[in-house]
Amino acid sequence: MSYLLANTLGLVGLVGVFYLTGWAADHILLAGRGLAPVAGVGRFGLGAAVWIALLFLMAAVGLLNPPMLGLMLLLTLAGVWRYRRASGVGLLPDSAAGPRIAEDWSARLVGCGMAVLLFVIWVQASWPSIAWDADVYHLTVPRLYLEHGGFRRIPFNVYSNWPLNTQMLYSMALMISGSGLAKLLHFTFGFSILVTIYRIVKRESTAWAGWIGASLFLLNPVVLDEMRAAYVDLAFAFFFLLAFFFVHLHLES
């Protein structure tokens, strides 16, 4: 039980740090208007991207360790707090404060069914077991980087430098809690895809169509399997989906 609680609290903290980092980057670089209408998951993705770069830099200079991570976290939170006080801008997306769109009972029923399935997958992701690929390189590579304080050549491991982006986030998860947090982080990327699909389809059509779109993605057996393990594919899919959507918005405007 303590294992489950620790990883769940770790995930809440990690997602919170990514969101706050993305919130600051959104308002500093994009004037708070660049991520609508998926501002919530957009800020999470932008913050995760910023932390990928920070962790990559820490590994490149040989400072990938818990004390340096703690210092970076404190500096990030302090910077967000100071910017929040100076700007007076709210932390929640503007859409969160707007009127809620009514949904009929059938749409909510689909959402309840997805919630039950996601809970089952979350329990499986929380289980203290490591999938094959994660054991071979997705978690082993960042663990070796942590042992050496940064990037190191890993002989006879053809996957040791592919791909680095999500594995850098796993190094952060390993420093905070362990492999269980890394698995839940990959689950969160899958969940973020569902939210993004729902928001995009809802924007272009109706709330009911949004639920159907998210459900069709969740019905993919590969997705169901990937959400339970510390792999990288759902993170790549999430970033690609956001990139495609923002290019689509730009071409429309």
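The values are calculated or read from the model by the stated rules, or taken from the named source; none is laboratory data. Treat the numbers as computed from the prediction; the structure is a model and nothing was measured. Every residue, glycine among them, receives a Cβ derived from its backbone with ideal geometry; neighbour counts consider all protein chains shown. Each accessible area value is taken on the protein alone, full model and side chains, heavy atoms only, with ligands, DNA and RNA left out. Shrake-Rupley method; radii C 1.70, N 1.55, O 1.52, S 1.80 Å.
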Please compute the contact order of the chain in relative form: average sequence separation of alpha-carbon pairs under 8 Å and at least six residues apart, divided by the residue count, as a percent. 24
Estimated inter-spin distance, LEU74 and LEU91, nm [label 7 Å along Cα→Cβ]: 2.0
Test item: Cα-centred dipole of the chain, Lys/Arg +1 and Asp/Glu -1 on Cβ, debye: 580
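Looking at the chain, do any whole DSSP H helices span at least 15 angstrom along their long axis by alpha carbon and average 1.6 or above on Kyte-Doolittle, and which?
On the way: long enough: 2-30 (40 Å, 1.32); 39-60 (31 Å, 1.79); 66-87 (31 Å, 0.60); 105-126 (31 Å, 1.50); 165-176 (18 Å, 0.82); 179-204 (38 Å, 0.72); 207-218 (17 Å, 1.41); 233-252 (28 Å, 1.74).
Taking the DSSP H segments of the chain (at least 15 Å long, mean hydropathy at least 1.6), we get 39-60, 233-252.
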Post the alpha-carbon centroid distance, region 41-58 to region 147-224, in whole angstrom. 13
Net lengthening on full extension, ILE28/TRP127 (0.36 nm per residue, minus Cα-Cα): 31.7 nm
Expressed as cubic angstrom per residue, what is the convex hull volume of the alpha carbon set of region 43-154? 154
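Can you send over the carbon and sulfur percentage of the accessible area for region 1-142, probe radius 1.4 Å, protein chains only? Working shown, then result.
Working: 5760 of 7970 Å².
Using a 1.4 Å probe with all protein chains present, region 1-142 comes out at 72 percent carbon and sulfur.
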With point charges of +1 on the Cβ of Lys and Arg and -1 on the Cβ of Asp and Glu, referenced to the Cα centre of the chain, which listed residue (ILE130, PHE151, MET114) lies farthest in the positive direction of the dipole? PHE151
Quick one: pull the percent of accessible area on region 143-192 belonging to carbon and sulfur, 1.4 Å probe, ligands and nucleic acids left out. 56
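Which value, in Å², gives the accessible area per residue of the chain when a 1.4 Å probe is used on the protein heavy atoms? Walk me through the intermediate numbers first.
Numbers: 13310 Å² over 253 residues.
Per residue, the chain has an accessible area of 53 Å².
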Considering the dipole of region 160-244 built from charges on the beta carbon (Lys and Arg +1, Asp and Glu -1) around the Cα centre, which of ALA173, ILE197, LEU185 is farthest to its positive end? ILE197
Sort all Cα-Cα distances of the chain into consecutive 10 angstrom bins from zero, then give the percent of pairs in each bin up to the one containing the longest distance. 7, 29, 35, 23, 6, 0
For LEU63, LEU14, write out the residues from largest to smallest accessible area, computed with a 1.4 angstrom probe and no ligands counted. LEU63, LEU14
Over 18 Å [Cα-Cα, region 177-230], rounded percent: 38
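So, R0 is 41 Å and r is the distance between the beta-carbons of ARG143 and SER106; what FRET efficiency does that work out to, to 0.05? Present the calculation step by step, with values, prior to reporting the outcome.
Numbers: r = 47 Å, r/R0 = 1.14.
Step by step, r from the Cβ atoms, then E = 0.30.
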Scan of the chain for trypsin sites (Lys or Arg not before Pro) in DSSP loops with at most 10 other beta-carbon atoms within 10 Å gives a longest site-free stretch of 154-253
